[in-house]
Amino acid sequence: MGLELAKYHTSEEAMRQAILEGCHLCSLLNNYIPAGLGRLGLDQDLASFGPKLELWEGDEKEMELWQRDEMQLSISTASDASFNQGKKWISECFSTHPSCNYSDMISKIGKPTRLLDVGNAEIRLRCTEELLPRLGANGLEYLTLSHCWGNASILKLTQGNMERLRQSIDFQDLPLTFQHAVTTTRRLGFQYVWIDSLCIIQDSASDWEQESAMMGDIYRGGSCNISAVAATDSNAGFFIARNPLFYIPCRLGAMEKLSPVAKSQPTPSNTTGRLSTRGWVMQERAMSPRTLHFGPTGLAWECLSQRMNEKQSLSGIRPKAEFSLLEISSLPPLNLANPDKLTRTFYDAWVKLLTSYSRCDLTVLGDRLVAFSAIVAEASRRTGLTPIAGLWKELLPADLLWYRDASSPPLGSPQSYQAPSWSWGAVASGIQSAYAELLRSGATLEFKTTVSNPSASAKPNGQVITGHIRLTGPSRRFNWAGGSETEEPRKNCRLDCLQMNELDDLYLLLVVRGRGASLHLVNDRIEQLVEDKGLVLQPVNGTPGSFRRIGSFQQSYIGDISRAVFADNIPCEIRDFLVV
């Protein structure tokens, strides 16, 4: 039997025409060929960026069933089929997922002060207190929106236009992402939607403080969250058009026992993207019982019980896995040097969540603690731990051992007071936890520093006004710009801010020592790895007796302790520090 060569197109124009005529293989290839390539040839290495080739082992009937299941995709996420799918997910969740429904709690959850009423042709801003007498706390159903603001100039609620927006809002005056949110709300069968920039008075600090304090309840009390993953900003919109043939496996040649099949490579996630890099969104996802994601290639569903895409249930992926710490009911008495398994599990999950959040962008860096406060409050409610400026009072001094992640780019420069210097909320970069790393290593821990009088004053929304903590432990004094005697301390320090001035008169405070995470053969002797972790402190100008944290200190050594800053055979001063 002779070899039959497949026909191929030599230009983008010819290929586009074939797609319009329904060519399945061309539809698959289209998403992989770089735009503007012009002439196509067999010398192009499509395997490096093209669809995945597999051998199908099965009969014709099985192939037809496979293709039929895949063909349920609509040509647009704004289609009837897409909205029907969304309504089905919401309905099934309300009727069959007990863990997603807490009707006994709904009346206790705080309600947003304002909502957008989109039930009629005219959109209106409504005060919730007007609706509650008629609907009741349990009858007020609304959706919420998670979106990227971007730099777009958009319609916002202000003190000056509130009365006008209460009368009516022209649909065309809304940016495209908000138009899509209104359309989605209507098509899913709801009357009310909460959008931050239109439901919080943007030029009122008092209104912002009040509403941001309720942010967790606003998202927790919503029937479903609309996640605009596909929208890069407020003007982009999140409905997408697509060619369903791109997602359907294409059989190449006659059906035989083993037939070559072309399939699309894994597509971009419909639950992550630029939106997931926005600081507020983590809290919104964590608090929302249900989320309908409008992604770059389609829809995705996420509730407390299930994760789905349009083709299948993602049964192997735990719903909201990153928020598992919020399921812990309580913690036993804490032993920081040797915590029990449940505490280790909680802290490991907490640090992973905090590390992820700390890398997220915020339009206003001063919101760093505020945008995480609902997660903190929920974790506190479940575990019984006491939050203090983003840390846990019961986990001090261990929780002080965060450090700036060198791989995380700076998020900006704080323009005003954000938090006390010993809180991660005071820095504008991603962070890691040295304490969590010690726990994972299995080292035996000995805490050298004690804590007294930790205090922080905060507004109801979690914004910290002031705070201080008193630390007592082994310390060494040094100057950053000193001679060879400061080389060892200096190279083991990591400053919290990349640009620091006046780095003289510094103090290293040893917080904890870890031993035995690993063993090493040194000069025919078995030696333990020793790890010292601590803080870098500096006196506060003009405030005698007060210090501020400016960095972290970490040193590891084996056997030879001559280079150890806190070597056992070298006396050090036990000093008291009031850190603000």
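If amide H atoms are built 1.01 Å from N in the plane of the peptide, which residues on other chains or at least 5 residues away come under 5 Å of the amide H of SER546?
Correct list: VAL540.
Could you give the length gained on full extension between SER356 and ARG164, defined as 0.36 nm per residue of separation minus the Cα-Cα distance, in nm?
Gain on extension, SER356 to ARG164, equals 65.1 nm.
Ordering MET162, MET15 by accessible area with a probe of 1.4 Å, largest first, what comes out?
Output order, biggest surface exposure first: MET162, MET15.
Using amide H atoms built in the peptide plane, which far-off residues or other-chain residues are under 5 Å from THR386 H to H?
LYS393, GLU394
Which of the three applies to the stretch 346-389, rounded, prolate or oblate, going by the alpha-carbon gyration tensor with a ≥ b ≥ c and a/c under 1.5 meaning rounded?
Oblate, since a/c reaches 1.5 and b/c is not below a/b.
Which three extents, in whole angstrom, do the alpha-carbon atoms of the stretch 152-231 cover along their principal axes, largest first?
Between the extreme Cα coordinates on each principal axis of the stretch 152-231 lie 33, 29, 24 Å.
Which far-off residues, 5 or more places away or on another chain, put their amide H under 5 Å from the one on ALA517, with H placed in the peptide plane?
Close amide H contacts, sequence-distant or interchain: THR444, LEU529.
Give the dimensionless ratio obtained when the Cα radius of gyration of the stretch 493-558 is divided by 2.2 N^0.38 Å.
After normalising by residue count via 2.2 N^0.38 Å, the value is 1.49.
Quick one: what are the phi-derived ³J(HN,Hα) couplings along the stretch 159-172, Karplus 6.51/-1.76/1.60 with θ = phi - 60°, whole Hz, x for glycine and proline?
Once rounded to whole Hz, the list reads 5, x, 10, 4, 5, 5, 6, 6, 7, 5, 10, 5, 3, 6.
Just need the Rg to Rh number for the stretch 282-407, please, alpha carbons only, Kirkwood Rh.
1.00
If you count only protein heavy atoms and use a 1.4 Å probe, how large is the accessible surface of LYS448, to the nearest 10 Å²?
For LYS448, solvent-accessible area is about 60 Å².
Counting only protein chains, not ligands or nucleic acids, how are ARG344, ARG134, ARG513 ordered by accessible area (probe 1.4 Å), most first?
ARG134, ARG344, ARG513
Need the C-alpha centroid separation for the stretch 521-580 versus the stretch 129-189, integer Å.
So the two Cα centres are separated by 54 Å.
Excluding VAL580 itself, what net charge comes from residues whose Cβ is under 12 Å from its Cβ, given Lys and Arg +1 and Asp and Glu -1?
Around VAL580, the surrounding residues sum to +3.
For the stretch 322-362, what is the convex hull (Cα atoms) projected area averaged across all directions, in square nanometres?
That works out to 3.5 nm², a quarter of the Cα hull's surface.
Here is the link list: LYS459/LYS533; LYS459/LYS491; LYS320/LYS393; LYS111/LYS459; LYS87/LYS111; LYS111/LYS341. Which ones come out longer than 30 Å on Cα distance?
Correct reply: LYS459/LYS533; LYS459/LYS491; LYS111/LYS341.
Convert each backbone phi in the stretch 217-233 into a coupling constant with the Karplus relation 6.51 cos²θ - 1.76 cosθ + 1.60 (shift: θ = phi - 60°), then list the ³J(HN,Hα) values in order as whole Hz, x for Gly and Pro.
Calculated HN-Hα couplings, in order: 5, 4, 6, 5, x, x, 5, 7, 9, 8, 9, 7, 4, 6, 9, 7, 7 Hz.
Tell me, what HN-Hα J-couplings in whole Hz come from the Karplus equation 6.51 cos²θ - 1.76 cosθ + 1.60 at θ = phi - 60° for each residue of the stretch 174-181, using x for Gly and Pro?
Coupling constants for the stretch 174-181: 7, x, 4, 4, 6, 4, 5, 5 Hz.
For every other residue with a beta carbon closer than 11 angstrom to the beta carbon of GLU130, add +1 if it is Lys or Arg and -1 if Asp or Glu, then tell me the sum.
Within the 11 Å Cβ shell, the charges total +3.
What number comes out for the charge environment of LYS111, summing +1 per Lys or Arg and -1 per Asp or Glu over other residues with Cβ under 9 Å away?
-2
Got a number for the accessible area of GLU21? Probe 1.4 Å, square angstrom, nearest 10.
140
For LYS320, LYS491, LYS87, what's the largest-to-smallest order of accessible area, 1.4 Å probe?
Largest to smallest exposure gives the sequence LYS491, LYS87, LYS320.
The values are calculated or read from the model by the stated rules, or taken from the named source; none is laboratory data. It should be emphasised that the depicted structure is a prediction, and the values quoted were computed from it without experimental measurement. So basically every Cβ, Gly included, is an ideal-geometry build from the backbone, and we count neighbours across all protein chains shown. Heads up: the accessible areas ignore ligands, DNA and RNA and are worked out on the full protein's heavy atoms, side chains in. Shrake-Rupley method; radii C 1.70, N 1.55, O 1.52, S 1.80 Å.
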